[in-house]
Structures are given as structure tokens and as C-alpha cells.
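Enquirer: Okay, here's the structure, questions in a sec.
Every number here is computed from the coordinates shown, using simple stated rules; none is lab data. In this text, all values refer to a predicted model and were calculated from it rather than measured experimentally. Here the Cβ is made from the backbone with ideal geometry for all residues, glycine too, and neighbour counts use every protein chain on show.
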Amino acid sequence: MQDAPLKIGNALKDLIWPRRCVICHKLVGPSADRLCPACAAAVPEPVSGARRGAHYRRWVSALWYEEPFRASILRFKFNGCRFYADCYGPWLAKAVEARLGRDFDLLTYVAVSSLRRWRRGYDQSALLAKAAGEILGMAPVSTLRKRNRTPQSKTIGHEDRQDNIRGAFQVRNPDAVRGKRVLLIDDVLTTGATVSEASRVLLEAGAKSVDVATLAATEK
Ligand SMILES: [Zn+2]
């Protein structure tokens, strides 16, 4: 049970900074969960498909990158809403279990560059991997290092991105990767070029297989 000062503190916080639904951003009551009843009831169905020429074996996404999820994910990535990972994590875990199973030896994620992590204060895919991993019973291991020079995907076209991404990642600890069936987590899958390149270096480092799970996918 909360003590009185903590209770008053939380009530004040809710008054100044009212809670909003993680997905639709509508106001929710102070005692409510982070999802409004409508969004809590509408759990998205996982989506998956083939990606020709990709280095990973299979991919699944918890949802499509469309409204209202798109705006929610943008707040998660760019507006400091890091706690959204606690809401997304179970969806991601559900997608993995439904489409990829649980036969993995290593849970890892597509890292952002150190510069970006420093600016943002967190690595969103690391948070997703941790939240999903709690349900899957695996603690994520950091295996990839991203070089700082790669421009952000939103500023360049898809074709440029394919060329641009090559050489963007290094495996920091090949010993942790060798012989492992890897589950690779990323936030948004667009062309798949980023996760494919990350998969390529993991396989090159000796991973047995790489399957990909993303929170959202843009292309149907
Ligand atoms: Zn809602």
C-alpha cells in the first residue's frame, strides 16, 4: 500500500500531467492502465511475410505501421515516451510465439548509434527487446554496434538506404553469437534493409540462424 506523501505526489502528477492512452493519446483516468478500454480491447494481430533476398530467415511484426499506432510509435521514438515499451512488449512477445515459436538461444536487437542513443537518452529497440524478453524468458544481449555515420532513414530514399546501410553494423562479441539461433528485435520494418544487414553481420559472426521480430511493419 502506498504511503500518504507518495499518494499525494501521484495525485498531483496526474493533475499536472494527466495520463493519456499509449495508443490513441486520449485522456485516461488516474487509476487506469496505460491503455484506454477501447485500445486495451483491440489487441493487434501479428503480421508476417516473405522478404526476397533478405539475410534473415523469417520475420514477424506485432502490427502494421498505421494509425493510431504510427503516432504512438513516433512518441515512443522521438518524444521520450520510453515507458511505452511496457505496453508494446507483450504484443511483440505474442507475435513471436504465434509465428516464430520459442526455439531461440539468443535475444538481441538492432542498436542505434551511440550518438543517437546519447541524444535520445535510450535505445528504443533495446527497451522493446527487454519488455518482450521478460515474457519470452530471455534477457536481451547487446551484440551490434552501429556506426555513427549512417543518416536517418526518414531523410533518405529507400534505394539510397539499401546502399547506405551496408557496413553500418559490427558484431561487438562474436563469441556470444557463434552457433546461436538468434531472435533479432527492431522497432519498425520498412524495406527490411536494416534488419537484413544486421542479420548478415550476425550470420557472418557465426550465428546459426536469424529470425526477426519488429513492433511494426510499413509494407503490406
Ligand atoms: Zn486508446
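Enquirer: In degrees between 0 and 90, to the nearest 10, how far off the longest principal axis of the chain does helix 124-136 point, with axes built from Cα atoms?
Expert: Result, in degrees: 80.
Enquirer: If neighbour count is taken as other Cβ atoms inside 10 Å, put Leu35, Leu202 in order from fewest to most.
Expert: Ordered from fewest to most neighbouring Cβ atoms within 10 Å, Leu35, Leu202 come out as Leu35, Leu202.
Enquirer: So, one more: Calculate for the chain the 222 nm mean residue ellipticity that helices alone would give, adding -39,500 (n - 2.57) per DSSP H run of length 4 or more and normalising by residue count, nearest 500 deg cm²/dmol.
Expert: Values: 9 runs with 87 residues, N = 220.
The helix contribution divided over the chain gives -11500 deg cm²/dmol.
Enquirer: Over every pair of different alpha-carbon atoms in the chain, take the mean of 1/r and invert it; report that Kirkwood radius in Å.
Expert: Numbers: mean 1/r = 0.0549 Å⁻¹.
Kirkwood radius, the chain: 18.2 Å.
Enquirer: What is the fewest-to-most order of Tyr122, Tyr56 by other Cβ atoms lying within 10 Å of their Cβ?
Expert: Numbers: Tyr122 14, Tyr56 20.
The order, fewest Cβ neighbours first, is Tyr122, Tyr56.
Enquirer: Positive end of the charge dipole of the stretch 65-158 (Lys, Arg +1 and Asp, Glu -1 on Cβ, about the Cα centre): tell me which of Ala129, Leu100, Ser113 has its Cα farthest that way.
Expert: Most positive-ward Cα: Ser113.
Enquirer: On to the next question. Rounded to the nearest 5, what % of the DSSP beta bridges within the stretch 44-217 are antiparallel ones? Write out the running numbers ahead of the final one.
Expert: Working: 5 of 22 bridges.
If I count the DSSP bridges inside the stretch 44-217, around 25 percent turn out antiparallel.
Enquirer: Follow-up. What percent do you get for the relative contact order of the chain when only Cα pairs under 8 Å and 6+ apart count?
Expert: Working: 384 pairs, mean separation 50.3, N = 220.
About 23 percent, as a whole number.
Enquirer: Mind pulling the angle between the C-alpha long axis of helix 69-78 and the longest principal axis of the chain? Nearest 10 degrees, somewhere in 0 to 90.
Expert: In the chain, helix 69-78 runs at an angle near 80 degrees to the longest axis.
Enquirer: Kindly put Ile135, Ile8 in sequence by how many other C-beta atoms sit within 10 Å of each C-beta, fewest to most.
Expert: Details: Ile135 15, Ile8 11.
Ascending number of Cβ neighbours within 10 Å: Ile8, Ile135.
Enquirer: Over 31 Å between Cα atoms, which of Lys7/Lys130; Lys146/Lys180; Lys7/Lys94 qualify? If you can, show how the numbers build up before the last one.
Expert: Working: Lys7/Lys130 29 Å; Lys146/Lys180 21 Å; Lys7/Lys94 34 Å.
Too far apart for the 31 Å limit: Lys7/Lys94.
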